[in-house]
1. Where in region 71-182 are there strands (runs of 3 or more DSSP E), lying fully within it, with 3 or more residues that are within 29 Å of Lys233 (Cβ to Cβ) and more than 22 Å from the chain's Cα centre (by Cα)?
2. Quick one: which residue in Ile72, Ile38 is modelled with pLDDT of 90 or more, surrounded by 15 or more Cβ atoms within 10 Å (Cβ to Cβ) and out of contact with any His (no Cβ under 6 Å at 6 or more places or on another chain)?
3. From Ser194, Ser203, grab the single residue that is of a type in the set (Ser, Thr, Tyr) and within 18 Å of Thr130 (Cα to Cα).
4. Would you confirm whether any residue within region 105-122 is acidic (Asp, Glu) and not assigned by TED's automatic domain parsing to the domain that holds Leu199?
5. Please go through region 258-280 and give me each residue that is in a strand (DSSP E or B) and touching a residue at least 12 places away in the same chain (Cβ under 8 Å), ordered by number.
6. Take the residues of region 222-238 that are part of a helix (DSSP H, G or I) and surrounded by 17 or more Cβ atoms within 10 Å (Cβ to Cβ): which is modelled with the lowest pLDDT?
Amino acid sequence: MKLQMKKILLLLSVTALMVSCKKTGENEYIITGTVTGIENGKTVILQKQDDETMGKMVSVDTVKIENGKFEIKGTATEPAIHILKFETKPGQIDFVLENGEINVAVDKDTIAKSKVTGTYNNEELTKFKTDMQVIQKDLQKKAMAFQEANMQKMTAAQQTKDTVVINQLMKEYAKIQEPLTQKYYTYAEGNPKSFISVLITQSLFNMPEPDFAKIKKIYDGLTSELKNTKPGKAIKEKLDNREAVQVGKKAPDFSAKTPDGKTVSLKESLGKVTIIDFWASWCGPCRQENPNVVALYNEFHDKGLNIVGVSLDREGEAESWKKAIEADKLTWTHVSNLKFWQDPIAKKYNITSIPATFILDASGKIVAKDLRGDELKAKVKELLGA
């Protein structure tokens, strides 16, 4: 009995020691950094991407380097990509901020080569980056060789507007990049617990030709924890929105303000045929396509063609939007929330690139998407019976 009690006490003391050795509390992170080559007293800045403005970084915390070290403490509700920047040193360290003990060994010569270890997702991020560097190095050589071999051919095709040759060369170039794309898919499929997988899955929507069936399969395989993160919820929203704007579905209604401040809805703007045209004043390809759309509208508006232009211009750039409408002679209905890529209409229609168009019949059903030139004209004539 005494021997058994001693064993229990020993086990409890070992357990207590293990708990006491852990630096972090529940739902807490500690970033411990070791630094050489950067003076004591210099500032370390922890930043994250602003939720409201794409591309803008906001500071989360700042500390000073003391005796070649720094420490940042806090709590994280879920994993998220953050960066560390150092006063007087160019570059940044990308890592996953998550609860636990995160160790950063700063490379004083090349900040981006610093090592981040200690937590599962940061170990995974390091491995993924290493694998990608090997693939990218090989692809870079092949891409440069392709460009050198086909530069004159591409230039000549662009000058003569030979779209057949241009498209062929672009497809050949895309094939060179396939190992990179394949790495994204295989990693995300094989690592359903890794936060890197949910970030990769989110990025797959931005591929030139996303494989939506694969994206859904990867998403379905992710853990419930990952699905409940911000990027996980964004993936679900995009998948749901894409399903809602498939050909054959009724186009989701929306309302937004016109250049003169009046609120207009899609429902009240429908014609016998309606084109929803996503564009922006800053979008070169959109502006280049506008003369063709103007010609189409002028020819068929009296027969029942309506167009609703949805601009993805930025906040504070209403004048640029208005000037582009006037300069390009776009005389149809225009709306915008001036929210750039965060525009709620663009999100509802799953827009990841512009120009993008949806062609609706008289009932508001989507009958085609992203048609251009002769194909678009033929579809409009068909629907109008012209």
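1. 100-105
2. Only one candidate qualifies: Ile72.
3. Ser194
4. The answer is yes, given that some residue of region 105-122 is acidic (Asp, Glu) and not assigned by TED's automatic domain parsing to the domain that holds Leu199.
5. Selection gives Val264, Ser265, Val273, Thr274, Ile275, Ile276, Asp277, Phe278, Trp279.
6. Step by step, filter region 222-238, then rank; the result is Lys238.
Residue-wise test of (1) in contact with a Ser or Thr (Cβ under 9 Å, 6 or more places away or on another chain); (2) within 16 Å of Asp253 (Cβ to Cβ).
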site	(1), (2)
Gly284	no, no
Val293	yes, no
Ser311	yes, no
Lys322	yes, no
Lys329	no, no
Leu338	yes, no
Ser363	no, yes
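Per-residue answers, yes or no, for (1) of a type outside the set (Lys, Arg); (2) assigned by TED's automatic domain parsing to the domain that holds Pro355:
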site: Asn228; (1), (2): yes, no
site: Ile235; (1), (2): yes, no
site: Lys249; (1), (2): no, no
site: Lys262; (1), (2): no, yes
site: Ile275; (1), (2): yes, yes
site: Ala280; (1), (2): yes, yes
site: Gly284; (1), (2): yes, yes
site: Glu289; (1), (2): yes, yes
site: Val294; (1), (2): yes, yes
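The values are calculated or read from the model by the stated rules, or taken from the named source; none is laboratory data. All values derive from a computational prediction rather than experimental measurement. Backbone-built Cβ (ideal geometry, glycine too); neighbour counts: all protein chains shown.
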